[in-house]
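A.B. asks: Before I ask anything, let me first share the structure, which is written out below as structure tokens.
The values are calculated or read from the model by the stated rules, or taken from the named source; none is laboratory data. No experiment lies behind these values; they were computed from the predicted model shown. With ideal geometry, Cβ positions are generated from the backbone for all residues, glycine too; neighbour counts draw on all protein chains shown.
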Amino acid sequence: MWAQGWLWMQVSSVPVVRNRKRRQGNYEGCDDLMGFRMDNLLDIDNALVRQARTNRDAFGRLYDYYYPVILRYCIYRLYGREVAEDTTSEIFLQVAKNIHGLNDCNATGFRNWIYTIANNEISAYFRKQNRRKHLMEAACQAGVIDTACYVEDTADGEIEWPELHQAILQLKPQQQAVITLRFFEEMSNDDIAQILGVKPGAVRTAASRATTTLGRILQTCFSVINQG
């Protein structure tokens, strides 16, 4: 979780809120996603990736490895368990249809490829449903987001995970993807660049601008709370 801690450091200049009751988000159903780290995925044998192109059992093993983490990524991006599950199913359908043509037949190549498919499906969902504005308004009105599966206890007055997720939802789509992949999935800039189809320098720029924007959003949020 070092990357998430680093993200906190970048946005932690906002004024803290003292003696404020902790918001209770709806985190039910996220326990099965706890503790699944990206480095576990890279332990997959490269031979298994090659075999999965033509062998059903090998593909089933890859599915078992990747389903939890791809679902988690979709939850972070789509802010709802049900739609994330539907999108994850579509992602694996695309993987099953196209894995035979995968060129980078190794653990890293497969990981980046499936995240590329995931990002494309998520982007398609937003375009098709025109849901970004609706999701943002719904999340802000509710005051909580039900997808912060990694909420940790913090000392009184520290920024809480639900506020951070609400702030991320207000970023541009590419910035959301960069922040999620970098700080929650703990990927390198090079891997994120491959997934998003951009240069590593663009990833670094997007991450820098996104963290600055997050700090500004959170500062505004807490200023309003303090005035209230």
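A.B. asks: Within region 147-156, can one find any residue that is touching a His at 6+ places or on another chain (Cβ under 7 Å), at pLDDT below 90 and closer than 27 Å to GLY215 by Cα?
C.D. replies: Pass one, region 147-156, residues touching a His at 6+ places or on another chain (Cβ under 7 Å): 147-148.
If we keep only those that are at pLDDT below 90 too, we end up with 147-148.
Now narrow it down to the ones that are closer than 27 Å to GLY215 by Cα: 147-148.
There is at least one residue in region 147-156 that is touching a His at 6+ places or on another chain (Cβ under 7 Å), at pLDDT below 90 and closer than 27 Å to GLY215 by Cα.
A.B. asks: Then there is this: Look through ALA47, ALA58 and report the one residue that is out of contact with any Phe, Trp or Tyr (no Cβ under 6 Å at 6 or more places or on another chain), of a type in the set (Gly, Ala, Ser), at pLDDT 85 or above and surrounded by 15 or more Cβ atoms within 10 Å (Cβ to Cβ).
C.D. replies: Numbers: ALA47 fails: surrounded by 15 or more Cβ atoms within 10 Å (Cβ to Cβ).
Exactly one residue qualifies, and that residue is ALA58.
A.B. asks: Okay, moving on. Give me a count of the residues in region 81-95 that are in contact with a helix residue (DSSP H, G or I) (Cβ under 7 Å, 6 or more places away or on another chain) and either loosely packed, with under 15 Cβ neighbours inside 10 Å or not aromatic (Phe, Trp, Tyr) (or both). Can you show your working first?
C.D. replies: Our first condition is that a residue be in contact with a helix residue (DSSP H, G or I) (Cβ under 7 Å, 6 or more places away or on another chain); within region 81-95, this holds for 81, 84-85, 87-88, 90-92, 94-95.
Now drop any that are not either loosely packed, with under 15 Cβ neighbours inside 10 Å or not aromatic (Phe, Trp, Tyr) (or both), which leaves 81, 84-85, 87-88, 90-91, 94-95.
The number of residues fulfilling the criteria is 9.
A.B. asks: In region 68-80, how many are surrounded by fewer than 19 Cβ atoms within 10 Å (Cβ to Cβ) and either of a type in the set (D, E, K, R) or over 17 Å from PHE184 (Cβ atoms) (or both)?
C.D. replies: The qualifying residues number 0.
A.B. asks: Now for a separate question. Would you mention how many residues in region 88-101 are within 17 Å of the chain's Cα centre (by Cα) and at pLDDT below 95?
C.D. replies: Matching residues across region 88-101 total 0.
A.B. asks: Would you check if there is a residue in region 133-141 being modelled with pLDDT of 80 or more and either touching a strand residue (DSSP E or B) at 6+ places or on another chain (Cβ under 8 Å) or surrounded by fewer than 18 Cβ atoms within 10 Å (Cβ to Cβ) (or both)?
C.D. replies: Looking only at region 133-141, we keep the residues that are modelled with pLDDT of 80 or more, and these are none.
The answer is no; no qualifying residue exists.
A.B. asks: Still on this structure, I have one more. List every residue pair whose Cβ atoms lie under 8 Å apart, where the two residues are 6 or more positions apart in sequence or sit on different chains, the first residue falls within region 195-221 and is part of a helix (DSSP H, G or I), and the second residue, located anywhere, is surrounded by 14 or more Cβ atoms within 10 Å (Cβ to Cβ) and aromatic (Phe, Trp, Tyr).
C.D. replies: Qualifying pairs under 8 Å: ILE195/TYR115.
A.B. asks: Still on this structure, I have one more. Report every pair of residues separated by at least 6 positions or lying on different chains whose Cβ atoms are under 7 Å apart, first residue within region 83-104 and under 17 Å from VAL69 (Cα atoms), second at pLDDT below 90 and in a helix (DSSP H, G or I).
C.D. replies: Listed by first residue and then by second, the contacts come to ALA84/ILE75; ALA84/LEU78; THR87/LEU78; THR87/TYR125.
A.B. asks: Select from region 102-132 the residues that are of a type in the set (S, T, N, Q) and in a loop (DSSP other than H, G, I, E, B) and write down the one among them that is modelled with the highest pLDDT. Let's see the steps before the verdict.
C.D. replies: Initial filter on region 102-132 (of a type in the set (S, T, N, Q)): 103, 106, 108, 112, 116, 119-120, 123, 129-130.
Filter again for in a loop (DSSP other than H, G, I, E, B), leaving 103, 106, 130.
Numbers: ASN103: 84, ASN106: 89, ASN130: 65.
Result: ASN106.
A.B. asks: For region 42-80, give me the residue count where each residue is assigned to a helix (DSSP H, G or I) and within 13 Å of the chain's Cα centre (by Cα). Break it down stepwise before answering.
C.D. replies: First pass over region 42-80, keeping only residues assigned to a helix (DSSP H, G or I): 46-52, 56-78.
Remaining after also requiring within 13 Å of the chain's Cα centre (by Cα): 68-78.
So the count comes out to 11.
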